[in-house]
Amino acid sequence: MSPKAPEPLKQRIKDQMRSEVVEITIGLFLDRGFDETTVDEICTAAGISRRTFFRYFRGKEDVVVSRLSKLAEEGCHCFVDCPLDEDRWTALRMSMTPFESWAHENPARALALFHLIEDAPSLRASYLDRLDRWRASLATVISTKFDLDSRSDLDVAVIAAASVGAYLAATRAWAESGGNDFLPVLFDRAFNALRPEAPQLGGR
């Protein structure tokens, strides 16, 4: 796969500013609570106007889910970069690598963010909506990578949905363990369960 052309300077500056606002905002949410933190407080802490905030984000929920969406986008790139002769479940398992790296970098912060999502209904709804968008994007990526025709649409949709489900199950198990379980091992187990040769539940 040929290297990506660098983004224009203006876009890189915009992305950097957005990233800084995300980190500042998530810090406020973790310190004060999601519902307790206002947009005005975010703007003050980040040194931006409300107009600028809403130019970058649709609302408070979007700040959190945009961080995870970025990881999902990076995961799709990991999947695309896998060799074409790679087993599809192995390639899809590799799409979880950015989430592993992010969680490993600051486990306590990652855990706190997952708990924040679970505890705030509007944030959880936004997160689940973003996961559905990720599923749709992943389905498109799978079809493109393997040059599949329209007859495979249902198969691809099921594979993409199963992959996102594996992510969700593994990250929830990790959060429920308080980070004591090793996230890469949980991802391995989740994706191994999707393989055709996986043992049936109950040993049947």
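No value in this document is a laboratory result; all are computed from the given coordinates. If you're wondering where the values come from, they're calculated on a predicted model, not measured in any experiment.
Estimated purely from DSSP H runs of n ≥ 4, each contributing -39500 (n - 2.57), the mean residue ellipticity at 222 nm for the chain is -24000 deg cm²/dmol once divided by its residues. Computed from the Kirkwood radius of its Cα pairs, the Stokes-Einstein diffusion coefficient for the stretch 61-111 at 10 °C and 1.306 mPa s stands at 136 µm²/s. Cross-linked pairs 10/60; 14/145; 14/70: Cα-Cα separations exceed 22 Å for 10/60; 14/145.
Multiply the residue separation of residue 15 and residue 35 by 0.36 nm, subtract the distance between their alpha-carbon atoms, and state the gained length in nm to one decimal.
Net length gain for the segment: 4.6 nm.
Once each part is reduced to its C-alpha centroid, what is the distance from the stretch 152-182 to the stretch 113-129 in angstrom? Centre-to-centre distance over Cα atoms comes out at 16 Å.
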